[in-house]
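To start, the structure itself, in C-alpha cells.
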Amino acid sequence: MTQTRAVRARTQAGFTLIELMVTLVVAGILLMIAVPSFVSLTQTNRVAGEINGLSAALQYARAEAIKEGQPVTVCVSTTGTGCAAAATPWQSGWIVFSDANGNQTVNTGDLVLRRQLAWTSSDTFVSADSGGNTVRAITYSRDGFAVNLAGTVTWTLSTVPSNSSARRCLTLNIIGHQQVQPC
C-alpha cells in the first residue's frame, strides 16, 4: 500500500511550461486579430452616433418650424447660446433655435430649443453646398423647406485616425430630405 501512495504522489497536478507557452501564443494571436476589428467597430459606432445627432437636430428643427409656423435654424455654436463665426466646424457643437426673423442669428426673443456640445473625439465634420461653399447654418421655413440653400448641403464626417470604412456623409436638399450614406 505504501508503494501505491508513492506512485500517486509522483503524478503531476497542473500544466507544463510548454502547455502554458502554447496557450499564451494562441491567446496573443487571437488578440492580434480581434483588437483591430474592435477599434473599427468602435469608430463605426461613434460615427453613427455623431452623424445621427445632427440628422436628428435637422429633423427636429424642420418639425418645429412647421409646428410653430415660423423659421427655425440649426447653426454651429461653441457657446450654446449663439451661432459661431464662419470658420468654426460642426464638431464644435450646434444649436437649434426659433428664428422669428429668419436671419440665422439668435436675437432677443428667439428661443434656443436644443444644444449639442462639442465632441470629445477628434473626428472632423465639415459641410459644403453644391457650389463648394461652407455652410454654417440651415434655416427651415414654416412650410418645412430649407431656405437659402444652393442646391444640396453635404456634411462629411471623417474619423481620426482615418478609417475610410467609417466615413459618412449626410446630404440635405431644399425640400428637407436627408440621406446618410458612406462616402
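The values are calculated or read from the model by the stated rules, or taken from the named source; none is laboratory data. Keep in mind that what you see is a predicted model, and the values were worked out from it rather than measured. All Cβ positions, glycine included, derive from the backbone under ideal geometry; neighbour counts span all protein chains shown.
Scanning the stretch 120-159 for residues that are within 15 Å of Thr88 (Cα to Cα), of a type in the set (A, V, I, L, M, F, W, C) and without any contact (Cβ under 8 Å) to a residue 60 or more places away in the chain yields a count of 3. With respect to the stated conditions, Ala13 is in a loop (DSSP other than H, G, I, E, B), modelled with pLDDT under 85, of a type in the set (A, V, I, L, M) and over 19 Å from Arg142 (Cβ atoms). None of Thr44, Thr88, Thr73 is surrounded by 13 or more Cβ atoms within 10 Å (Cβ to Cβ), at pLDDT 90 or above and out of contact with any Leu (no Cβ under 7 Å at 6 or more places or on another chain) except Thr73.
Among residues belonging to the stretch 107-129 that are assigned to a loop (DSSP other than H, G, I, E, B) and among the acidic types (Asp, Glu), point out the one that is modelled with the lowest pLDDT. Filtering first and then ranking leaves Asp123. Scanning the stretch 131-156 for residues that are among the small types (Gly, Ala, Ser) and either modelled with pLDDT of 90 or more or within 19 Å of Asn52 (Cα to Cα) (or both) yields a count of 4. If you filter the stretch 157-177 down to residues that are surrounded by 17 or more Cβ atoms within 10 Å (Cβ to Cβ) and out of contact with any Pro (no Cβ under 8 Å at 6 or more places or on another chain), you find that the one that is modelled with the lowest pLDDT is Ala166.
Restricting the first member to the stretch 69-94 and to residues that are under 14 Å from Trp155 (Cβ atoms), and the second to residues that are of a type in the set (Phe, Trp, Tyr) and in a helix (DSSP H, G or I), the beta-carbon pairs closer than 6 Å and six or more apart or on different chains are Val76/Trp90. Out of all the residues in the stretch 131-146, is one or more out of contact with any helix residue (DSSP H, G or I) (no Cβ under 9 Å at 6 or more places or on another chain) and under 18 Å from Thr42 (Cα atoms)? Within the stretch 131-146, none of the residues are out of contact with any helix residue (DSSP H, G or I) (no Cβ under 9 Å at 6 or more places or on another chain) and under 18 Å from Thr42 (Cα atoms). Count of the stretch 131-156 residues, restricted to those that are more than 25 Å from the chain's Cα centre (by Cα) and surrounded by 18 or more Cβ atoms within 10 Å (Cβ to Cβ), is 1. In this structure, does Gln104 turn out to be surrounded by 17 or more Cβ atoms within 10 Å (Cβ to Cβ), assigned to a loop (DSSP other than H, G, I, E, B) and either touching a strand residue (DSSP E or B) at 6+ places or on another chain (Cβ under 6 Å) or polar (S, T, N, Q) (or both)? Yes.
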